[in-house]
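The values are calculated or read from the model by the stated rules, or taken from the named source; none is laboratory data. The model shown is predicted, which means the values in this text are computed figures rather than measured ones. Backbone-built Cβ (ideal geometry, glycine too); neighbour counts: all protein chains shown.
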Ligand code: SAH
């Protein structure tokens, strides 16, 4: 265990209980996903005042209108993403950095884009303090993806756009998989899975209804 994690050991019981009651009982089966979520100190990704609530069965506010998603939704999206150790992964919506930390443990490299500079800076510091060195966080507009690092084997979007941006689909490599909430309003969002075959044909599959913060529209200055 890293020195920075020692002080948070008092959360271990809550963490194990969360994995059992919220994840396994609801059907999360991938042992790697369960093991990683048993290990990562979620309490370190929420504001200090919210730490006692870190393992509750819900999303929590982290400031700037953003939330850290409910543990079950994080686990489900991670499972649906089918990340392998060789993969380069793009995340849109860094938020607290919690999802990025999970991806750090499953992938080869993680690139994460956050539109709120303060959140990007805080997530970067949290990830660094906890030793999640495979994640690179950039403050920018997720509608544009991260073209300099494309293609990605996996893309995960953790804010809801009305329609999955074509730039992200374009940055997905052949055989790639993208998981994203999609929908105009919080009442109509669905979790979507896009898979791209070796010829670049894209298949869309709908999963469950979800509620995410909306993906902020790209600014007019980058709208070209
Ligand atoms: N994955 C996060 C949860 C993110 S909440 C976690 O594990 O904590 C959604 C995040 O998406 C918010 O932080 C919000 O600021 C960000 N966001 C909204 N619109 C965006 C955009 N156009 N580009 C990048 N990030 C965006």
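How many residues are part of a helix (DSSP H, G or I) and under 17 Å from residue 70 (Cβ atoms) if we restrict to segment 14-41?
Number satisfying all stated conditions: 15.
Does residue 90 meet the test of being in contact with a strand residue (DSSP E or B) (Cβ under 7 Å, 6 or more places away or on another chain), buried (at least 20 other Cβ atoms within 10 Å of the Cβ), touching a residue at least 24 places away in the same chain (Cβ under 8 Å) and outside any helix (DSSP H, G or I)?
Yes.
Collect the residues in segment 60-83 that are within 8 Å of the ligand (Cβ to nearest atom) and in contact (Cβ under 8 Å) with a residue 60 or more places away in the chain, keeping them in residue-number order.
65, 66, 67, 69
Within segment 116-134, does at least one residue satisfy the condition of being crowded, with 16+ Cβ neighbours inside 10 Å, outside any helix (DSSP H, G or I) and away from the ligand (no atom under 14 Å from the Cβ)?
Checked against the condition, which is being crowded, with 16+ Cβ neighbours inside 10 Å, outside any helix (DSSP H, G or I) and away from the ligand (no atom under 14 Å from the Cβ), segment 116-134 yields at least one hit.
I'm trying to understand the selection: among the residues of segment 100-114, which are part of a helix (DSSP H, G or I) and surrounded by fewer than 24 Cβ atoms within 10 Å (Cβ to Cβ)?
104, 105, 106 - these are the residues of segment 100-114 that are part of a helix (DSSP H, G or I) and surrounded by fewer than 24 Cβ atoms within 10 Å (Cβ to Cβ).
Quick one: residue 137 ticks every box in (1) part of a loop (DSSP other than H, G, I, E, B); (2) within 20 Å of residue 110 (Cα to Cα) except a single one, so which number is it?
Result: residue 137 fails condition (1) only.
Being closer than 19 Å to residue 135 by Cβ and within 12 Å of the ligand (Cβ to nearest atom) is the filter; apply it to segment 152-178 and report the residue that is farthest from the chain's Cα centre (by Cα).
Among residues in segment 152-178 that are closer than 19 Å to residue 135 by Cβ and within 12 Å of the ligand (Cβ to nearest atom), the one farthest from the chain's Cα centre (by Cα) is 168.
Looking only at segment 11-50, count every residue that is free of Cβ contacts under 8 Å to residues at least 24 places away in the same chain and more than 21 Å from residue 210 (Cα to Cα) and tell me the total.
Number satisfying all stated conditions: 11.
May I ask you to list the residues in segment 179-188 that are within 14 Å of the ligand (Cβ to nearest atom) and modelled with pLDDT under 95?
Of everything in segment 179-188, just one residue is within 14 Å of the ligand (Cβ to nearest atom) and modelled with pLDDT under 95, namely 186.
Can you name the condition, by its number, that residue 199 falls short on among (1) farther than 27 Å from residue 70 by Cα; (2) part of a helix (DSSP H, G or I)?
Every listed condition holds for residue 199 apart from (2).
Please count how many residues of segment 100-113 are within 11 Å of the ligand (Cβ to nearest atom) and in contact with a strand residue (DSSP E or B) (Cβ under 6 Å, 6 or more places away or on another chain).
Of the residues in that region, 4 qualify.
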